[in-house]
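Let me begin by presenting the structure, written as structure tokens, before commenting on it.
The values are calculated or read from the model by the stated rules, or taken from the named source; none is laboratory data. Not measured: the values here are computed from a predicted model. Counting neighbours? That spans all protein chains shown, and the Cβs are built from the backbone with ideal geometry, glycine included.
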Amino acid sequence: MTITWTNPSYEDFDHVMVTGGAGIVTQNIGGGVHSATITGLVNGITYAITLQTVDKIGNISTGINVSGTPVANSPSPIPTREPVPPTKIRSKDGNLTLPAGSIGVVSLEDEVIVSIPAGAISNGFIIKIVKVVETPDLTVNGEVLVSPVFEITKDFTGNFNKPISLTIVFNS
């Protein structure tokens with residue numbers, strides 16, 4: 001059974017990941033290729049297949065689901081839609097509500113930036129950055145802070161499923 005698609009045109013695009021249930025081996029298809037052939041399937045059985053785009057840093061889109069039923073001597077490919085790249089949401093005010101499967105970048109005053117890859121959490125969530133104004137309890141022996149202090153919070157317990165990136169401007 002052969003599946004064809006049109007690769008997305010965004011510049012971060014790296015490859016399409018083709019996955020499915022029993023009998024379908026995951027394939028990573030490079031950016032210049034527009035089809036995948038799945039072998040070893042039983043004629044007359046319908047198979048569910050998922051196509052997901054992956055960008056150059058490993059963010060994976062939610063993808064699209066298609067199905068196909070192989071038949072003997074069937075050279076016709078299964079037509080599909082273009083895989084949907086993950087949505088990138090940006091906020092510069094320190095508050096970000098990120099739906100599941102999206103890529104997020106939240107910053108405050110361009111002094112601290114949090115970058116969240118797609119799939120970092122299975123549900124949507126809220127992340128906030130707040131500049132701490134009152135900091136006397138942070139210095140006990142006359143130390144001098146070299147940068148502002150920020151508090152970064154999220155509205156769920158536990159860890160992220162994927163690493164997030166934190167960028168802090170120093171000595172600006």
Here are T6, T2, T19: which of them is out of contact with any Gly (no Cβ under 7 Å at 6 or more places or on another chain) and surrounded by fewer than 12 Cβ atoms within 10 Å (Cβ to Cβ)?
T6
Restricting attention to the range 48-74, which residues are loosely packed, with under 14 Cβ neighbours inside 10 Å and without any contact (Cβ under 8 Å) to a residue 40 or more places away in the chain?
A48, N65, S67, V71, A72, N73
Take the residues in the range 14-47 that are assigned to a loop (DSSP other than H, G, I, E, B) and either in contact with a Pro (Cβ under 7 Å, 6 or more places away or on another chain) or in contact (Cβ under 8 Å) with a residue 60 or more places away in the chain (or both), then tell me which one is farthest from T62 (Cα to Cα).
N43
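Please determine whether any residue of the range 156-169 is at pLDDT below 80 and assigned to a loop (DSSP other than H, G, I, E, B).
The first filter runs over the range 156-169 and keeps only residues at pLDDT below 80, leaving none.
No, the range 156-169 contains no residue that is at pLDDT below 80 and assigned to a loop (DSSP other than H, G, I, E, B).
Residue-wise test of (1) modelled with pLDDT of 85 or more; (2) closer than 26 Å to G58 by Cβ; (3) not basic (K, R).
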residue	(1), (2), (3)
S74	no, no, yes
I78	no, no, yes
R90	yes, yes, no
T97	yes, yes, yes
I103	yes, yes, yes
S107	yes, yes, yes
V114	yes, yes, yes
G119	no, yes, yes
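When you look at S115, is it free of Cβ contacts under 8 Å to residues at least 40 places away in the same chain and among the small types (G, A, S), yes or no? Break it down stepwise before answering.
Working: free of Cβ contacts under 8 Å to residues at least 40 places away in the same chain: no; among the small types (G, A, S): yes.
No, not satisfied.
Looking only at the range 118-172, filter to residues that are hydroxyl-bearing (S, T, Y) and touching a residue at least 40 places away in the same chain (Cβ under 8 Å); which one of those is surrounded by the fewest Cβ atoms within 10 Å (Cβ to Cβ)? Can you show your working first?
So the first thing to find is which residues in the range 118-172 are hydroxyl-bearing (S, T, Y), and the list is 122, 135, 139, 147, 153, 157, 165, 167, 172.
Retained after the next criterion (residues that are touching a residue at least 40 places away in the same chain (Cβ under 8 Å)): 165, 167, 172.
Working: S165: 11, T167: 13, S172: 6.
Among those that are hydroxyl-bearing (S, T, Y) and touching a residue at least 40 places away in the same chain (Cβ under 8 Å), it is S172.
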Out of T39, T19, T46, which single residue is modelled with pLDDT under 85 and outside the structural domain of P117 (by TED's automatic domain parsing)?
T39
